[in-house]
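These notes concern the structure reproduced below.
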Amino acid sequence: MLGSGIINGLIVTAKNFVGSYHDPKRMVTVEYPEQRTVLPENYRNFPFLISENATDPMGTLRCVACQICEKECPPQCIIIEKSKDKKPDASGKPQLYPAVFGIDTSVCMSCQICVEVCPFDAIKMDQVFEIAATDRFHDLFLTREKLAKPNSYYHQIHPTEAAEVDGRLNTERKAAEEKAKAAAAAKAAAAAAKSVPVAGVADPGPASPRPATPIQPASAPAAPATSPVPKPQDEPRSSPAGEGGPANPAS
Amino acid sequence: MTTAPDSFLERAPLELRDWAVQLLPGPLQWLAHHLITVVAILAVFGLFFAFTTIAERKLLARLQNRLGPNRTGLPKFSILPWHLKHTLFGLSQPFADAVKALTKEDIVPAAADHFLHFLAPVIVVAFSLMTFAVLPFGREYLPVDLDAALLYFFAAGAATELAIFMAGWSSRNKYSLLAAMRALAQLISYELPLILSVVPVVLVTGTLSTKAIVLSQGYWIFGFLPHWFVFTPWGFAGFIIFLIAALAESNRSPFDLPEAESELVAGHLTEYSGFKYALFFMAEYFGLTALSGLGVTLFLGGWQAPFPFLEFIPSYLWFMMKLIGMIMFFIWVRGTLLRLRIDQLTRLAWQFLVPLALLNVGNAAFWVLTTHWAGPLQLVRWGVSLVIVILPFFFLGRSLSAGYAPRTYRYAP
Amino acid sequence: METVQQLRDRLAARFPAARVELVLNPGVAAEHSLRLDAALGRDIALFLRDDPALRLDYCSNVTGVDWPDKEITDVVKTTVPDPAGGPPKIVEEKSVHVQPGCLEAVYHLYSMSLKHGPVVIRLRTGNRADAVTLPSLTPVWRSCDFQEREIFDLFGIVFAGHPDLRRLLMWDEFKDHPMRKDYVEPDDYEWEPTAHGAVLERAKAHQLAAVAGVVDPGQSSANPPKAAPGSTTPATTAPVKEAKP
Amino acid sequence: MSCSDFNDLDAELTAFGHPGGSSVRAVHDQFHGDLLEVSMGPQHPSTHGVFRMVATLDGEQIVKLKPVFGYLHRNHEKIAENTTYLGSMPYTDRLDYLCSMSTNWAYALAVEKLSGQAVPDRAQYLRIIMAELTRLVNHACLVGFLFNDLGTSFTPLLYAFREREKIIDLFEALSGSRMMCNYQRFGGCRVDPTPEWLAAARTLVENFPRFLDEYERMLTGNEIMLARTQGIGRLDPAHAVNAGLTGPVLRASGVDYDLRKVDGYGFYPRFDFRVPLGAQGDTYDRYMLRILEMRESVKILVQAFRDLPGGPIMDPKAKLRSFRPKAGEAYGRLEGPKGELGFYLISDGTPNPYRYRVRPPSLINLTLLEEMCLGHTIADAVVILGSIDIVLGEVDR
Amino acid sequence: MSDAPQSTPASPRPAPAEGFPAAGNISDADREELRRHGILLTSLEELYNWGRSNSIWPLQFGLACCAIEMIAAATARFDIARFGAEIFRPSPRQADLMIVSGTVTKKMAPLVVRLWNQMPEPKYCIAMGACAISGGPFKQGYNVLKGIDRLIPVDIYIPGCPPRPEALLNGLIQLQKQIKGEKLTGPDAARHTRADLPSEYPIPAYGAHDLEPAKNPAVWTPPAPPSA
């Protein structure tokens, strides 16, 4: 009969209307500034640089200014200038550090390729998205001071991934230290045996372990290795229960 | 019809007016009397318009599973400290919109017909307000008791469509022009079913006066069934036709062709900004309210209470409640339906509504002729009347929707 | 479906006047293609579409490829017998010649009715400057319509017989063909906070121009572009090279 | 309704869009009286972005309609030729920004064809899961937008987006971004879903038909909807094939050509699903085909979740950096939600592709737009455009 | 309404405190103080700004990917309507806010400026997403305008590619704050009240190689790049 389809439609919308008052499945609004959805652990927005501790972020950046991310960044929004000197890193080796590290968030496309290609786990994706600005030249260009965030923060936003990275780094560092020790011991032994001092090997540390660190993740596919696992409590986001629930128009 | 007329609530606004009028010297009293009526209508329906807009936005939002405006609150300059943290459920939203619209720059396109461009919103609001003059809002609340109230109503209502044409024409925008053409086609097509749907009421009551029409619906069958015309076969058919035609006349979805957003950008409003746009917006809602009010008056018993024991509620509140119900229905329809095409719109009018309305006039004539039938004949009367309504609906509907049907689909082998 | 080799032979037999070359694809995909004679291109295309064994009724993808002029260094080794009777000397003569470039249109054909494909055909222009006309295959496959317009727009191949050959993506007043390899895009590198590589050089040129434009020495050097917007604009637009039409 | 009175109106008018389209111009034609040329877009509510149609109207009837492209031409191909193979992957997200997962796959497919890269089984299944979820997203959005064009007050669109949000949440939990997933890699996928993710996805897929039922109940039988879509924008199969139309638009005309069946790429031959075909090729068929395809996608997804094998998600031989395929060329294509999405790549052995070309289904599906619109009114034209399902990022690239 | 509104799930990171947008530059405490001293700040200015900030009607105008997130911001989950901003007007005559949501190509740029000119004052512009701010990932393209602020003034920049709908809402809240703090008179009066500032901007023409002019120096004044 003419009109039955229209009446069916009216019934469906009426159901949704009534449902919006009692059924959380039909009232999905999250009242943003006051309520927030839980961001999934994997969520990424803009990169940040990891520093080992919060007290001296500039001194403990993991980044060694290898400029791989600068080269691989598809929109070329990273600028790195190597330092002239070296600073000791977490395991005590002298490393270069970025004298200038800048990311133009007004260009960045949040593609995460810099994270994937970084052999040092020095750059990770941040989750802050409330960064609307009124001056794009100053507010949206992130210098290394703005980019540096401590490792504890990384643990806060990507716990699973961070734990994995820390575990890997620790084993690597341990291996490096042992290797360095072994090398030092071997050299000492060799020196003792030959008793001929070799010039320029006064600092045996950096030479051997350094190449080992970058090559390992680059040759293995970085993606599955760093694949983070979403926390179980992220999952309810796909079901309406986690979406803020019923919302009060008066609030 | 026994208790309410003299209750305090029922009389209070009138008493107030009379008290105010008698303060003035004699020669001015007549003027003051009418001025107060006009101001009261403007104030009440101005506020009603404001809350209709927010109701529409909130109801539509609820239909769409969201909340709608809810955090407007009030400006902070007020001396009341309590609402600094309150948002008033967003009910102050229309006032924010009004403030904004009032202060917005008014742009008139260089090539537009400046005079008509200015005149159109004025006319549209003026005429849509004029229709309120003949609506009986309550037992004693009829601004002007005209003998030919219905004719006056339709005459004034039709002028608004002319203003829409003026707006579309004077803007000199192609979308506006197309919208103007559509508005004219729509006006001509739907004025007829609208009026024809009202004729049965006139036929049965024998009057064009809205007051008399409401009064003639004012008793209860068996003491509790309201004798509203919508509860008769011809009245029901008339009411449905009236509803459809009213939707079309007030340019509401699914007949919002002149303003068709997805096709003509904003139709006749495309070149209007600021307060002129707000006036059109206002007029649209005034027109809707007026037509709903007429529908309430003609078919839903006007200000009459549905049951005798509810008569203690003042008549004007009954009118308002019915009015709100009608408007909520219109909002519901808007949230559900899609838009017709212009040829389908006219086809619906001429091939479906007009024949149905004409038959319905015959039906009403039959109803009048058989007023004296009683007992089992009463059943025959109802049966025949129902058949006159349903059969044409069925056949005309079939011919209207011929060729359109859901399909079944095959799959690749 | 027959192999590309067989198809080539059949085409050669059917169109003896046409030159049909097999272009081998050295890659893993090994989708070999046929380079058709541009003059008879449309006839061959019609044949491919209507031949009952092929029925290539669906032209999926049409694209242009730019092959710029290449400098090729030929090394000619000649053995010069040593007049002194010693071992003959090998003399290398280097000669540089320019392999003329061309523009190429590549069509990927499939059959929807027989569900096979692809057959890849290519048409080549004479050069990249003036002999850039190819026959349009839009009359054969309507799907080439927008794609050929796009190639005309971005590569500058003129398709003779196209019903509506206008620029598709760029505006009509635009003169260049930006997908050519030698196209230089307009210079708007005033604000490049992360410039490196090629971008850096252009940005530097900009800064130099901007700094040079500062006439008033009292003007702070913090915002030179603001100081001399008028003088930078011509300087920036001047070095733009035009790609050949 | 002719506009003869507008002959003298050559003053500049404030209409929208292109400067050329801003004046009422009466176009003389010997057969029709005076025609009105309307430039719809690039800013128009129903052109799905910055598409522009220059329509010549006789009354409300369309006698000529020329599409104008390029307002979103952002040089994807040129940029891709100047960056590495991997660097183009995030750009493919932005090609068809409603279906980044399947666009990713199409590009990965072409590069894998070019380089001979193998893909592990689990990744193949994950790709199918993502592609079909994307199809659900795309078709749901399309149907919502289509009803918006038909003049609803956003209600169906918002219902569709309500479902979309759920799928988008899944994508976000997996890949980190709501729309720009950047999920596929050459030789596999980037992130392995957790069991919890899979369980959530399975629940979503199982509940999806309920949404479709409600949606269909609301609109499929609606008389206005039937009248507005049936018999509108008919497309006959021969023309559709010749014009290279693909995807649901082609199948609505009754041509059985679904690359999932024809090419059998990925692991699609392992799945049991049917390809719905339309008969009349009108707007209603195109709409219904989307609904039916969503139901088939649900079937595929259910099977994929059932059969998802374990194992690695990346081929161990796959390289992330310094990826240089052998010189050669390849054309990889798949059945995107909008039609055949192809990537044509020429490698010269360097890290950057020598030629990178996207075969955009949206652009080529517009080839017959004018033919479909002729004789219909301007109100139908927006609906026909809506039923073709274009996304401007892909049309203009 | 069956159960109490779910409390805000603790955000994993130190979220910036983002309460309900407060009024302009006078804190509630100050106002209370003034009120007690009998000074009613019933200024017209505040009413005006309140009305405008709560009734921001955006232009229905999507350019690219970000437009989808803009639509998402209007849908049920995010519901921009709560701020009174769900009325996306397709006609610029009735719009207050232009959300430039997506890549502005050079072919599109003149039309964006034209739309901006067609909007009545007071009008605001949000550049949503990397492309609208700077050309974003596509800035290397020959047909991509490197930021809409080369041609028209932008009030709020929302970075992201694309920004989440919440980020757009956040930008909208910032814009509301900005409007609430605007002055009608004095040296720091709002842009639209000043007669010396233009309301319309020159529309660039299509040239043979580029837009002419490619930028409007009156609007676009970049500082020297930090690396220079």
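The values are calculated or read from the model by the stated rules, or taken from the named source; none is laboratory data. Computed from a prediction, not measured in an experiment: that's the story for all the values here. With ideal geometry, Cβ positions are generated from the backbone for all residues, glycine too; neighbour counts draw on all protein chains shown.
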Exercise for the section: Determine which member of the set D:TYR97, D:TYR125 is in contact with a Gly (Cβ under 7 Å, 6 or more places away or on another chain), surrounded by fewer than 24 Cβ atoms within 10 Å (Cβ to Cβ) and more than 30 Å from D:GLY375 (Cα to Cα). Expected result: D:TYR97
Problem - Filter result for C:GLY64 (closer than 21 Å to C:PHE174 by Cα and surrounded by 13 or more Cβ atoms within 10 Å (Cβ to Cβ)) - result: yes
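Could you grab me the full set of residues in segment B:268-282 that are of a type outside the set (Phe, Trp, Tyr) and part of a helix (DSSP H, G or I)? If you could, list the steps in order and put the result at the bottom.
Looking only at segment B:268-282, we keep the residues that are of a type outside the set (Phe, Trp, Tyr), and these are B:268-271, B:273-274, B:276, B:278-279, B:282.
Passing the criteria: B:HIS268, B:LEU269, B:GLY274, B:LYS276, B:ALA278, B:LEU279, B:MET282.
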Exercise for the section: Taking the options D:ARG94, D:ARG127, name whichever one is under 27 Å from C:ASP153 (Cα atoms) and touching a Cys at 6+ places or on another chain (Cβ under 8 Å). Expected result: D:ARG94
Exercise for the section: Check whether at least one residue in segment D:142-165 is surrounded by 24 or more Cβ atoms within 10 Å (Cβ to Cβ) and more than 14 Å from chain B (Cβ to nearest Cβ), and report yes or no. Expected result: yes
Practice task
Scan segment E:57-101 for residues that are more than 16 Å from the chain's Cα centre (by Cα), in a helix (DSSP H, G or I) and within 28 Å of E:PHE138 (Cα to Cα) and jot them down.
Solution key: E:CYS65, E:ILE68, E:ALA72
Fill in the blank from the handout: A careful count of residues in segment D:44-93 that are without any contact (Cβ under 8 Å) to a residue 40 or more places away in the chain and more than 20 Å from the chain's Cα centre (by Cα) gives 5
Fill in the blank from the handout: In segment C:129-146, residues that are buried (at least 22 other Cβ atoms within 10 Å of the Cβ), of a type in the set (A, V, I, L, M, F, W, C) and either at the interface with chain D (Cβ under 10 Å from one of its Cβ atoms) or without any contact (Cβ under 8 Å) to a residue 40 or more places away in the chain (or both) total 4
Practice task
Filter segment C:16-75 down to residues that are free of Cβ contacts under 8 Å to residues at least 60 places away in the same chain and among the polar types (S, T, N, Q) and give me whichever is farthest from the other protein chains (Cβ to nearest Cβ).
Solution key: C:THR73
Exercise for the section: Quick one: in segment D:76-91, of everything that is touching a Pro at 6+ places or on another chain (Cβ under 7 Å) and not in a helix (DSSP H, G or I), which residue is nearest to C:ASP153 (Cα to Cα)? Expected result: D:THR83
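In segment E:179-228, what count of residues is obtained for those that are aliphatic (A, V, I, L, M), closer than 21 Å to E:GLU45 by Cα and in contact (Cβ under 8 Å) with a residue 60 or more places away in the chain?
Restricting attention to segment E:179-228, the residues satisfying the condition of being aliphatic (A, V, I, L, M) are E:179, E:184, E:189-190, E:195, E:197, E:203, E:205, E:208, E:211, E:214, E:218-219, E:224, E:228.
Checking the rest, the ones that are also closer than 21 Å to E:GLU45 by Cα come to E:179, E:184, E:189-190, E:195, E:197.
Those left that are additionally in contact (Cβ under 8 Å) with a residue 60 or more places away in the chain: E:179, E:184, E:190.
Summing the residues that are aliphatic (A, V, I, L, M), closer than 21 Å to E:GLU45 by Cα and in contact (Cβ under 8 Å) with a residue 60 or more places away in the chain in segment E:179-228 gives 3.
Got a sec? Which of B:SER253, B:SER315 is among the polar types (S, T, N, Q) and either within 25 Å of B:GLU161 (Cβ to Cβ) or within 13 Å of the chain's Cα centre (by Cα) (or both)?
Details: B:SER315 fails: either within 25 Å of B:GLU161 (Cβ to Cβ) or within 13 Å of the chain's Cα centre (by Cα) (or both).
Exactly one residue qualifies, and that residue is B:SER253.
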Handout entry: Among (1) in contact with a His (Cβ under 8 Å, 6 or more places away or on another chain); (2) modelled with pLDDT under 75, the one test that B:VAL21 misses
Key = (2)
Problem - Subset of segment C:108-128 [surrounded by 24 or more Cβ atoms within 10 Å (Cβ to Cβ) and more than 20 Å from C:LEU22 (Cα to Cα)] - result: C:ARG128
Practice task
Collect the residues in segment A:6-64 that are buried (at least 20 other Cβ atoms within 10 Å of the Cβ) and of a type in the set (Gly, Ala, Ser), keeping them in residue-number order.
Solution key: A:GLY9, A:SER20, A:SER51
Handout entry: Residue tally, condition over 23 Å from E:LEU115 (Cβ atoms), at pLDDT 80 or above and part of a loop (DSSP other than H, G, I, E, B), over segment E:162-215
Key = 4
Problem - Total residues in segment B:133-176, condition under 18 Å from B:LEU298 (Cα atoms) and either among the β-branched types (Val, Ile, Thr) or buried (at least 23 other Cβ atoms within 10 Å of the Cβ) (or both) - result: 10
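Looking at segment C:85-102, can you tell me whether even one residue there is in a strand (DSSP E or B), buried (at least 17 other Cβ atoms within 10 Å of the Cβ) and touching a residue at least 60 places away in the same chain (Cβ under 8 Å)? Lay out the reasoning, then the answer.
Kept after step one, since they are in a strand (DSSP E or B), are these residues of segment C:85-102: C:89-99, C:102.
Still in the list and also buried (at least 17 other Cβ atoms within 10 Å of the Cβ): C:102.
Remaining after also requiring touching a residue at least 60 places away in the same chain (Cβ under 8 Å): none.
Checking segment C:85-102: not a single residue is in a strand (DSSP E or B), buried (at least 17 other Cβ atoms within 10 Å of the Cβ) and touching a residue at least 60 places away in the same chain (Cβ under 8 Å).
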Exercise for the section: Within segment E:51-69, identify whether any single residue is buried (at least 24 other Cβ atoms within 10 Å of the Cβ), polar (S, T, N, Q) and closer than 19 Å to D:MET180 by Cα, and answer yes or no. Expected result: no
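Taking the options D:SER253, D:SER175, name whichever one is out of contact with any Ser or Thr (no Cβ under 8 Å at 6 or more places or on another chain) and within 14 Å of chain C (Cβ to nearest Cβ). Quick ask: steps written out before the conclusion?
Values: D:SER175 fails: within 14 Å of chain C (Cβ to nearest Cβ).
The unique qualifying residue is D:SER253.
Against the definition (over 30 Å from D:THR377 (Cα atoms) and among the hydroxyl-bearing types (Ser, Thr, Tyr)), how does B:TYR152 come out, yes or no? Working first, answer last.
Working: over 30 Å from D:THR377 (Cα atoms): yes; among the hydroxyl-bearing types (Ser, Thr, Tyr): yes.
So B:TYR152 passes the test.
Being hydrophobic (A, V, I, L, M, F, W, C), touching a residue at least 12 places away in the same chain (Cβ under 8 Å) and crowded, with 21+ Cβ neighbours inside 10 Å is true for just one of B:LEU291, B:LEU345, B:LEU358. Which residue is that?
Sole residue among the options that is hydrophobic (A, V, I, L, M, F, W, C), touching a residue at least 12 places away in the same chain (Cβ under 8 Å) and crowded, with 21+ Cβ neighbours inside 10 Å: B:LEU291.
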Practice task
Determine if segment A:137-160 includes at least one residue that is out of contact with any Phe, Trp or Tyr (no Cβ under 8 Å at 6 or more places or on another chain), at the interface with another protein chain (Cβ under 10 Å from one of its Cβ atoms) and modelled with pLDDT under 85.
Solution key: yes
Exercise for the section: Inspect segment D:17-37 for any residue being modelled with pLDDT of 75 or more and closer than 28 Å to D:THR152 by Cα and give the result as yes or no. Expected result: yes
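So if I check each of D:GLY221, D:GLY244, D:GLY266, D:GLY254, which one is in contact with a Cys (Cβ under 7 Å, 6 or more places away or on another chain) and assigned by TED's automatic domain parsing to the domain that holds D:GLU293?
When all the criteria are applied, what remains is D:GLY244.
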Completion exercise
Checked D:ASN82, D:ASN104 against criteria (within 13 Å of chain E (Cβ to nearest Cβ) and not acidic (Asp, Glu)); the one match is D:ASN82
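Which members of segment E:137-149 meet the condition of being assigned to a helix (DSSP H, G or I) and out of contact with any Ser or Thr (no Cβ under 7 Å at 6 or more places or on another chain)? Working first, answer last.
Our first condition is that a residue be assigned to a helix (DSSP H, G or I); within segment E:137-149, this holds for E:137-138, E:148-149.
Once the filter is applied, which keeps residues that are assigned to a helix (DSSP H, G or I) and out of contact with any Ser or Thr (no Cβ under 7 Å at 6 or more places or on another chain), segment E:137-149 yields E:PRO137, E:ILE148, E:ASP149.
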Fill in the blank from the handout: Within segment C:31-61, residues of a type in the set (Gly, Ala, Ser), assigned to a loop (DSSP other than H, G, I, E, B) and within 24 Å of D:TYR257 (Cα to Cα) come out as C:ALA53
Exercise for the section: Go through segment A:123-150 and count every residue that is assigned to a loop (DSSP other than H, G, I, E, B) and out of contact with any Pro (no Cβ under 9 Å at 6 or more places or on another chain). Expected result: 2
Practice task
Of all residues in segment D:275-295, count the ones that are modelled with pLDDT under 90 and surrounded by fewer than 20 Cβ atoms within 10 Å (Cβ to Cβ).
Solution key: 2
